[in-house]
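The values are calculated or read from the model by the stated rules, or taken from the named source; none is laboratory data. What you are looking at is a predicted structure, and each value in this text was computed from that prediction instead of being measured. Don't worry about glycine lacking a Cβ; one is built from the backbone with ideal geometry, like all the others, and counts go over all protein chains shown. Areas reflect the complete protein model, heavy atoms only, side chains present, ligands, DNA and RNA absent. Shrake-Rupley method; radii C 1.70, N 1.55, O 1.52, S 1.80 Å.
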Amino acid sequence: MGTLCHLRRLKTRLVSELHLWSKLQATNATGKQLPRIYVTRKIPQDGMKILSQSGLCNIEQWDSDEPVPRQELLKKIAGIQGLYCLLTEKIDAEVLDAAGPSLQVVSTMSVGYDHVSLEELKKRGIRLGYTPDVLTEAVAELTVALLLATSRRLLEAVDEAKNGGWGTWKPLWMCGYGLTDSTVGILGLGRIGAAVAARLKPFGVKRFLYADTGPRPEVAVKITAEFVPLDELARHSDFIVVCCALTPETQGFCGNKLFSLMKETAIFINTSRGGVVNQEDLYQALVNGQIAAAGLDVTEPEPLPTDHPLFKLKNCVILPHIASATVTTRNSMAALAASNLLAGLQGKAMGKEVLL
């Protein structure tokens with residue numbers, strides 16, 4: 001009985017000490033208030049663990065799988081020192097003004113940062129962290145999967161099997177396009193573009209072409225890819241895979257001019273950003289038979305309205321932006337974004353920083 005009472009007293013003391021420790025985390029060793037950070041979404045546990053166990057910051061979070069409402073974001077970030085955000089938050093002058101001059105660092109859990117105003121950050125001397133590299137493999141895998149699903153008409157085939165369209169074997173029924181002896185054109189031969197090519201090579205691709213802001217010989221040599229003008233790439237490619245960043249130069253550049261140069265049998269795949277494609281031009285190219293099919297993991301806007309004309313086309317496969325959606329990858333992204341944020345708050349070098 002005495003042992004039981006002792007254990008209860010010990011438990012009570014430990015709980016009391018835990019509460020005291022939690023309160024003390026709000027201040028650092030010098031008695032100063034710890035930096036406040038705001039996390040705009042429920043994030044994978046590896047990222048939250050790094051933040052919460054660091055003892056370096058006070059955390060407030062929009063604890064939901066859905067994006068934080070704009071007005072809630074503007075209200076909660078007043079006076080913060082650090083902001084942990086996602087692609088869904090537009091970090092512009094309005095947000096930065098709402099945060100005020102205390103804001104030191106923004107860390108986005110994404111490889112892209114077109115949702116962040118670099119000009120406004122630079123003007124205010126705010127640092128920006130991001131999460132490249134850790135999602136390269138996952139995005140490359142999904143890109144290949146989307147290419148195969150689109151070119152071999154897999155979603156159409158599933159629908160036919162489910163809805164009674166599967167009859168006797170027919171020589172010409174559900175025929176798609178294969179990779180063997182094909183030419184693959186890659187728009188943007190960065191980390192992801194190179195990883196996609198490396199995965200496609202064993203399928204028997206005969207030739208890789210790429211278009212970019214300039215030649216990338218150190219990358220191209222590993223996959224034997226040829227640097228060519230965009231027009232030449234469009235004319236010769238059986239498959240075109242878009243892996244470039246969204247910039248003012250690439251905004252809408254996949255449009256009628258590109259599609260009109262492509263083969264009627266060509267397949268167009270985009271896993272970069274929806275904004276690089278003129279979707280009206282893509283729709284017309286698909287409807288008019290300028291190209292054979294398209295596979296998209298990204299659209300403009302996101303989510304794409306369910307009544308959008310592209311959803312009505314059998315030769316267009318649309319995924320809900322899931323290229324980096326593996327458990328390992330999302331945890332790695334969350335952890336890197338958290339580490340970037342903490343490093344920025346301490347004035348240290350980030351693991352991955354956008355130099356402004």
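Please report how far the C-alpha centroid of region 243-283 lies from that of region 75-143, rounded to the nearest whole angstrom.
Here the two parts' Cα centres lie 26 Å apart.
Using alpha-carbon pairs under 8 Å, 6+ residues apart, how would you state the relative contact order of region 229-342 in percent?
Result for region 229-342 is 22 percent.
Treating only the Cβ atoms of Lys and Arg (+1) and Asp and Glu (-1) as charged, compute the dipole magnitude of the chain about its Cα centre; round to the nearest 20 debye.
Dipole magnitude for the chain comes out near 1460 debye.
Of the listed pairs K222/K257; K90/K122; K90/K257; K257/K314; K76/K122; K201/K222, which have alpha-carbon separations greater than 21 Å here?
K222/K257; K90/K257; K257/K314; K76/K122
Just tell me which aspartates and glutamates come within less than 18 Å, Cα to Cα, of K352; anything on the same chain fewer than 8 places away is out.
Cross-link targets: D46, D114, D133, E137.
Got a sec to turn the phi values of region 339-356 into Karplus ³J(HN,Hα) couplings, 6.51 cos²θ - 1.76 cosθ + 1.60 with θ = phi - 60°, whole Hz, x for Gly and Pro?
5, 4, 5, 5, 4, x, 5, 8, x, 9, 5, 7, x, 9, 10, 7, 7, 9
Tell me, what HN-Hα J-couplings in whole Hz come from the Karplus equation 6.51 cos²θ - 1.76 cosθ + 1.60 at θ = phi - 60° for each residue of region 235-241, using x for Gly and Pro?
The phi angles translate into 5, 9, 7, 8, 9, 10, 10 Hz.
HN-Hα J couplings of region 272-287 from phi, Karplus 6.51/-1.76/1.60, θ = phi - 60°, integer Hz, Gly and Pro as x?
Ordered by residue, 3J(HN,Hα) equals 9, 9, x, x, 7, 10, 7, 5, 5, 5, 5, 4, 5, 5, 6, 5 Hz.
Run the numbers on the chain and let me know its relative contact order in percent, using alpha-carbon pairs under 8 Å that are six or more apart.
Rounded, it is 18 percent for the chain.
At a 1.4 Å probe, what is the % contribution of carbon and sulfur to the accessible area of the chain?
56
Pull up all non-local amide H partners of Y210: gap of 5 or more, or a different chain, and H-to-H distance under 5 Å with H placed in the peptide plane.
I186, E226, F227, V228
Taking the Cα centre of region 225-328 as the origin, how large is its charge dipole in debye, to the nearest 20, when only Lys and Arg (+1) and Asp and Glu (-1) carry charge on their Cβ atoms?
Approximately 200 debye in magnitude.
Using the Kirkwood formula over every pair of different C-alpha atoms, what hydrodynamic radius in Å results for region 203-356?
Result for region 203-356, one decimal place: 17.6 Å.
Can you tell me the dipole magnitude for region 52-207 around its Cα centre, using point charges on the Cβ only (Lys, Arg +1; Asp, Glu -1), in Debye to the nearest 20?
Dipole magnitude for region 52-207 comes out near 680 debye.
Which GluC sites (Glu not before Pro) does region 197-256 hold that lie in a coil by DSSP with at most 15 other beta carbons within 10 Å?
In loop regions of region 197-256 (DSSP not H, G, I, E or B), the sparsely surrounded GluC sites (Glu not before Pro) are E249.
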